[in-house]
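Working notes for the structure below.
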Amino acid sequence: MERTERILDLVALLLDAREPISWAELREHFPADYGGSDDAAERKFERDKAELVELGFPLTYVQGDDERRDGYIVDRDAYYLPEADLTKEELAVLYAAGSAALASGAFPGRDDLAHALRKIGFFAGESLPTPRVRMELGAVQEGEEKEVSARLEQLWDACAARKWVEITYASPKHPTTTHRKVDPYGLALRRGVWTLVGHCHLRGGLRTFHVHRIRELKVNTARPRTPDFQVPADFSLDSHVAYFPWQHRFHEPVEVVLRLSGALASRAASLLPGATLEPVEEGGVRARMKVTFLDGLVRFCLQLGPDCRVEGPESAQARVKEMATRILERHAEAHEKVSA
Amino acid sequence: MSNVHERLRRLLFLVPYVSKHPGVTVEALAKALNMSREDLLEELDLLTCVGRPPFNPDDYIDIYVDNDRVYVDLDQRLFAPPRLTAGEAAALAASAELLRPAAGDALQSALQKLERILPPSTRERYREMYRKIDASTEAPQALAPLTRAIIERLEVTFAYARPGGPPEPRRVRPYELLSHRGQWYLQGFDHMRQDARLFRLDRMEDITVTDTPFLPPPDARADVPNPARSRTEVSVRVRFTPVAAPYVKERFGRDARPLADGGVEVLVAGDSERWLTQWVLSFGGEAQVVEPESARAAVARAARASVGL
């Protein structure tokens, strides 16, 4: 009998059973499948049982007593999906977010997500809203979406099962690719870019990898149901993934002071989230912030224009001058170049 | 995940779904399960062989197609789908993060209710897996009224900030919300311009959902903003050093032409001097405008201004 069919038969049998079903009975019911040697049959059933548990089938083995015999039994109430009593608004939010993620082409756990949306919609009838919210991935070229999507799916499974992965990684900072073994701790989305955070065996520490820069990916297939590693209890994805360029952890934190004036002053909080702001003369705003990638901040300041000034430290001011001078050199008129 | 797992998940949903929607068309059922008609018919064949021992005629699932509609007479107790697995709930909760700030209380309460219907044995695993995806994309508050306006097909009004001028009042039929490179956009029909336009959410103020209804066109899909693909009268040639080249290639793909020195060159739209100078400056000296001369001069002016010259 085909495995899918056998497992469904088991579901039907167990859902209908009023008494625990013993292993001997199961062997009787499925002689062609659980016949043969004791060992082989038991191993086959163990695999089927693991699959049932993975599907959320609440199967338990009960030890018999005076009133009940030994055997497998399923808690029916814990099996069937109950109504979640979601309000129209709650359902709309979950649906909007879920469909946006599915429409985005790449979201880890796409299969899981599609099933989840189906299930929460089960009791909703035909009235489900289909909002048009879409998320496009940055840094993913046409034709590459499928690859990124497939990698995210593999990584999601590896994160969930805590299995290590082997990756070939192309960092823009290095001319050649590197091979690494990584314990995947989790996946984070920032500005349309998916990042894998995990323990890198090559570097012996926590590292982040942009999923679109992973050229090859293999998940450890040995002992699929036994985790390869533990995620440290105090691990948090958010503290390892940068929202803004100056948050990349390239050097020790430095406090930088900026002064925003004109139209930028009122936008200070949204431009520099997390900075400590204080009003200064002429309607300006002074912002203090911790920076772990100074060049990232300096480039952002140059982009903002003359209404954003770096007040300190001197090293940051010097960097602004260096970059601006370099830009000027590259854009000076021919006669200016001569005089310079 | 294995094929068997995926199939089982589908089939354990399929039977209850037909039980709840007797006479659902093959087409609609295939769509609900996101599978082809042929695959669905094969799965229905398999289901007719499923039953419980001792496999008497009444012990089988009785599911059949009649006149292109699907019915189930004996569901063998598969009248409701299984509860959400930890993975399913975690993926759903993580996707909900996309809209977190905008969705407010509804999201919070939805997630609480979701957790309540998980089997108790699954809850801890769900929480653990939920922590493994972080998709918070700083969703702006404006998503909430705009999502509502799109669903309810109502026009919106807002003040739209323009560089170097006062905000302009706009009246728009909202079609679609789009997030690209961390920036959220609204695509819609702009009454002032009498055309479809893309608006940045961070430039909108005083958003009001009106009670004027509209019918959205069926094909209102916005293009992702791409300065290398928009057609303008003037194009600007920008060259990047080998240091910046890998990043530029990631963004522009084939539109980034490789140069002999390991750098790349991109031709971008020249209709906004402000955008162009900001963009070139953001590379901190690793980008150079080659032509036209007016664009080179604009970048030089901006660089001088930034150091107070």
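The values are calculated or read from the model by the stated rules, or taken from the named source; none is laboratory data. Everything numeric here is computed off the predicted structure, so don't read it as measured data. In this analysis, Cβ positions are derived from the backbone assuming ideal geometry, glycine residues included, and neighbour counts consider all displayed protein chains. Side chains included, ligands, DNA and RNA excluded: accessible areas come from the protein's heavy atoms. Shrake-Rupley method; radii C 1.70, N 1.55, O 1.52, S 1.80 Å.
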Point to revise | Residues of segment B:76-100 satisfying the condition of being in contact with a Ser or Thr (Cβ under 9 Å, 6 or more places away or on another chain), more than 7 Å from chain A (Cβ to nearest Cβ) and aliphatic (A, V, I, L, M) | key: B:78, B:86
Review point. Just checking, how many residues over segment A:1-30 are more than 10 Å from chain B (Cβ to nearest Cβ) and surrounded by fewer than 16 Cβ atoms within 10 Å (Cβ to Cβ)?
Key: 4
Review point. Which of the following residues is basic (Lys, Arg) and more than 8 Å from chain A (Cβ to nearest Cβ): B:296, B:301?
Key: B:301
Check your understanding: Only one of (1) at the interface with chain A (Cβ under 10 Å from one of its Cβ atoms); (2) under 27 Å from residue A:82 (Cβ atoms); (3) open to solvent by less than 60 Å² (accessible area, probe 1.4 Å); (4) of a type outside the set (D, E, K, R) is not met by residue B:18, so which one is it?
Key -> (1)
Check your understanding: Only one of these conditions is not met by residue B:239: (1) closer than 26 Å to residue A:271 by Cβ; (2) touching an Asp or Glu at 6+ places or on another chain (Cβ under 7 Å). Which number is it?
Key -> (1)
Exercise for review: Count, please, the residues in segment A:31-48 that happen to be open to solvent by less than 60 Å² (accessible area, probe 1.4 Å) and hydroxyl-bearing (Ser, Thr, Tyr).
Suggested key: 1
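Would you be able to say whether some residue in segment B:183-194 is open to solvent by 70 Å² or more (accessible area, probe 1.4 Å) and within 14 Å of another protein chain (Cβ to nearest Cβ)? I'd like the intermediate steps shown before the answer.
The first filter runs over segment B:183-194 and keeps only residues open to solvent by 70 Å² or more (accessible area, probe 1.4 Å), leaving B:192-194.
From the residues that got through so far, the ones that are within 14 Å of another protein chain (Cβ to nearest Cβ) too are none.
No, that holds for no residue.
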Point to revise | Pick from segment B:41-56, criterion within 8 Å of another protein chain (Cβ to nearest Cβ) and part of a loop (DSSP other than H, G, I, E, B), ranking: most open to solvent (accessible area, probe 1.4 Å) | key: B:54
Review point. Under the condition of being touching an Asp or Glu at 6+ places or on another chain (Cβ under 8 Å) and without any contact (Cβ under 8 Å) to a residue 60 or more places away in the chain, which residue from segment A:190-212 is nearest to residue A:107 (Cα to Cα)?
Key: A:192
Exercise for review: Confirm whether residue B:248 is out of contact with any His (no Cβ under 6 Å at 6 or more places or on another chain), outside the structural domain of residue B:187 (by TED's automatic domain parsing), in a strand (DSSP E or B) and within 25 Å of residue A:192 (Cα to Cα).
Suggested key: no
**Study point:** Contacts under 6 angstrom Cβ, first residue in segment A:262-285 being surrounded by 16 or more Cβ atoms within 10 Å (Cβ to Cβ), partner assigned to a loop (DSSP other than H, G, I, E, B), 6 or more apart
**Key:** A:264/A:307; A:265/A:284; A:284/A:261
Check your understanding: Restricting segment B:61-105 to residues that are surrounded by fewer than 20 Cβ atoms within 10 Å (Cβ to Cβ) and in a helix (DSSP H, G or I), which is farthest from the chain's Cα centre (by Cα)?
Key -> B:105
**Study point:** Filter result (under 22 Å from residue B:251 (Cβ atoms) and either in contact with a His (Cβ under 6 Å, 6 or more places away or on another chain) or open to solvent by 10 Å² or more (accessible area, probe 1.4 Å) (or both)) within segment A:145-167
**Key:** A:145, A:146, A:147, A:148, A:149, A:150, A:151
Check your understanding: Cβ-Cβ below 6 Å, separation at least six or inter-chain, first residue in segment B:108-126 and at the interface with chain A (Cβ under 7 Å from one of its Cβ atoms) and without any contact (Cβ under 8 Å) to a residue 60 or more places away in the chain, second in a helix (DSSP H, G or I) and surrounded by fewer than 20 Cβ atoms within 10 Å (Cβ to Cβ): which pairs?
Key -> B:119/A:78
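Within segment B:162-243, which strands (runs of 3 or more DSSP E) (wholly inside it) include 2 or more residues that are in contact with a strand residue (DSSP E or B) (Cβ under 8 Å, 6 or more places away or on another chain) and aliphatic (A, V, I, L, M)? Steps first, please.
Numbers: elements: B:165-180, B:183-190, B:195-200, B:204-213, B:235-240.
In segment B:162-243, the matching strands (runs of 3 or more DSSP E) lie at B:165-180, B:195-200, B:204-213, B:235-240.
Which of the helices (runs of 4 or more DSSP H) contained wholly in segment A:1-72 include at least 2 residues that are in contact with a helix residue (DSSP H, G or I) (Cβ under 7 Å, 6 or more places away or on another chain) and among the aliphatic types (A, V, I, L, M)? Lay out the reasoning, then the answer.
Details: elements: A:3-16, A:23-29, A:31-34, A:38-54.
Ranges flagged: A:3-16, A:38-54.
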Practice item. Hey, can you tell me all the residues within segment B:276-293 that are facing another protein chain (nearest Cβ under 7 Å) and either among the β-branched types (Val, Ile, Thr) or assigned to a helix (DSSP H, G or I) (or both)? Key: B:278, B:281, B:289
**Study point:** Subset tally (residues that are more than 10 Å from chain B (Cβ to nearest Cβ), at pLDDT below 90 and either part of a helix (DSSP H, G or I) or open to solvent by 20 Å² or more (accessible area, probe 1.4 Å) (or both)) for segment A:286-340
**Key:** 6
Exercise for review: Starting from segment A:154-167, take each residue that is assigned by TED's automatic domain parsing to the domain that holds residue A:194 and list its partners that are acidic (Asp, Glu) and part of a strand (DSSP E or B), counting only C-beta distances under 7 angstrom and pairs at least six apart or across chains.
Suggested key: A:164/A:183; A:167/A:216
Practice item. With respect to residue B:265, determine if the residue is at pLDDT 90 or above, surrounded by 14 or more Cβ atoms within 10 Å (Cβ to Cβ), within 28 Å of residue A:246 (Cα to Cα) and not assigned by TED's automatic domain parsing to the domain that holds residue B:184. Key: yes
Check your understanding: Among the residues of segment A:207-224, is there at least one that is under 19 Å from the mean Cα position of the chain (by Cα) and small (Gly, Ala, Ser)?
Key -> no
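Which residue is surrounded by the fewest Cβ atoms within 10 Å (Cβ to Cβ), if the candidates are limited to segment A:70-91 and must be more than 7 Å from chain B (Cβ to nearest Cβ) and among the hydrophobic types (A, V, I, L, M, F, W, C)?
Narrowing segment A:70-91 to residues more than 7 Å from chain B (Cβ to nearest Cβ): A:70-77, A:83, A:87-88, A:91.
Then drop every residue that is not among the hydrophobic types (A, V, I, L, M, F, W, C), which leaves A:73-74, A:91.
Numbers: A:73: 17, A:74: 21, A:91: 20.
So the residue we want is A:73.
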Exercise for review: Say whether the condition of being more than 9 Å from chain A (Cβ to nearest Cβ) and either touching a Gly at 6+ places or on another chain (Cβ under 7 Å) or at pLDDT 85 or above (or both) is met by at least one residue in segment B:223-230.
Suggested key: no
